[in-house]
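Reviewing the structure listed below.
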Amino acid sequence: MVPGVVMLRGYRRSWLRPDLLAALSLWAVVIPQGLAYAQLAGLPPTTGLYTAFGAMLGYAVLGPTRRLNVGPESSVAIVVASVLAPLAAADAARHSGLAALLAFLVAGWLLIGYLVRASVLMRLLSTPVLTGYLAGSGLVIVMSQLGKVTGVDAGSGSSLSKAARVLTGLGGLQWPALVCALLTAAVVIVLRRVSPRLPGPLIALAAATAVVAVAGLDDTLAVLGTVPGGLPVPHLPHVRFDDVVALLGPSASIALLVYAGSVLTARSLEAAEGRDADASQEFLGLCAANAASGLFGGFPANGSDSRSALLAGSGAKTQLTGVVAALAVAVTAAALLPLVHYLPHAALGAIIIVTAVRLIDVAELRRLWRVHRTDFVLAAVTAVGVLVLGVLEGIVVGVVVSLLAILRRAIMPYTAVLGRTGEHEAYRDIANFADAETLPGLVVYRFDAPLYFANADTLRADLRRLVSEADPPIRLVVLNAEAIYDMDTTGVQTLHRVLDDLEAHGVRLALARVRTPIRALLRDTGLESRIGADHMYPRVLDAVAAFRRTDEA
């Protein structure tokens, strides 16, 4: 069933008032964000409104998450800017057409993802990679706006080069621009703390626009000027075939980013309501959102954390909130844009910076450092990659480093010598439990990975070392095989060689907690007969008890 149709059929009259109030709050936030993120993407301000209009309508039809808002978002806008800048140069019309094409291609990739059930791709963007990507994107966005808030010409190029030009050109700092930016940011921050439900960005921008208009400061501050408006009209972009080819790769990366970020947000929203997110249907909802955005002349849309949280806090009940907000955005684009003529660029830059800073989740980075240093390194490498190489390249770096970390864990698995503790005679890693006791002549060894060609030598080398260094000499090695859920032919050969090594030293091998498929493999390859069926135990405790009986005898 189509989620939008299901929603309408089951709609309750009591939901209408909270949905309308939530739509008003959403409209008040999405207008300034749409204008700001369009500029961040290097597009005309109206493009952000068209993106919001199309995306909210499309997601309302096929999107499964009631409170997820899809529309213009800073993390995707900065990617769009980096992708389109080399292709469109100073041609504004071509830039807008390529942005719409990019939205269509993102929609196409999302549809393919649904058809091939590619939700598994979500695993490529782990939490550390997403944290690092957002932190790096936040820094990139901040640096890209320094020219606007200081009035210093930042020129063109990467965000790093723009920031460098601003810092070296601070002698030409325009104090009115900086003061305007600081006051705008202060209003947003204060309102966020004092009354979070108020549309701080809209109030701040309206105040800045009013001051500039009344005081006649448009000669002192750079302002938006006349912004072409009009109702969003469906149309296809005028592009060439080579444009499609050039954008296929970047659009796939954006689609992965859009899906991963939106699903993470959807999961948190649904979990708060005691429901599970429909990861498969999200492909279709996001596909519809991006297709509609492209159809109305927008750029790729993404799920918004901040606006979705606003909907949840405002008591929104259904996707009708998005439909009403989209209609309000259309009215704004058609009739209210003359009101932003005196909107200063410095104020818009301040809004973007305040939003971008929130992408840098310092608390999460601290948690990663405290809980798992490797995950912190992944986040840091991704952030640096985004900052130095670019947004898309940084994401690729994060994914590659994640895969290398997985490979490292597979090649160098965790192993442990176990000893008995007082906890119901449990056997624990002697490196972590000071009270774990071992028995003379016995080694209980655990290998925490499937046994295959990349790590089999680790098991053999560990056991040879333990046997050669033992004093008194070892008589029995018990291999705790509970984590060995798979074994290839190299693993089988390695176990045969381990048996040869142990027999050369007069040591027996016993296996404990062997999984049924592995037991069948051992039987088929002759390993069970070499080890002995009487040396295959269901528990480590049983293997140790048998050793004790033999030792006492």
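The values are calculated or read from the model by the stated rules, or taken from the named source; none is laboratory data. Just so we're clear, the structure is a prediction, and the values are computed from it rather than from any experiment. Every residue, glycine as well, gets a Cβ built from its backbone with ideal geometry; the counts of neighbours run over all protein chains shown. What goes into the accessible areas is simple: the full protein's heavy atoms, side chains included, and nothing from ligands, DNA or RNA. Shrake-Rupley method; radii C 1.70, N 1.55, O 1.52, S 1.80 Å.
Quick notes
- Taking only the Cα atoms of region 342-401, the radius of gyration and Dmax are 14.9, 49 Å.
- Order of exposure, largest accessible area first, which applies to Arg513, Arg12, Arg193 with probe 1.4 Å: Arg193, Arg12, Arg513
- Virtual spin-label span in nm between Thr489 and Ser268, 7 Å along Cα→Cβ: 4.9 nm
- Computed accessible area, Ser74, all protein chains, 1.4 angstrom probe, square angstrom: 0 Å²
- Added length on full extension, which subtracts the Cα-Cα distance from 0.36 nm per residue, Asp435 to Val5: 148.5 nm
- Electrostatic bookkeeping for Gly138 treats Lys and Arg as +1 and Asp and Glu as -1; over the other residues with beta carbon under 14 Å from its beta carbon, the sum is -3.
- Taken over the chain, the alpha-carbon convex hull comes to 204 cubic angstrom per residue.
- Ranked by how many other beta carbons lie within 10 Å on average, peptides 36-44, 330-338, 394-402 from highest: 36-44, 394-402, 330-338
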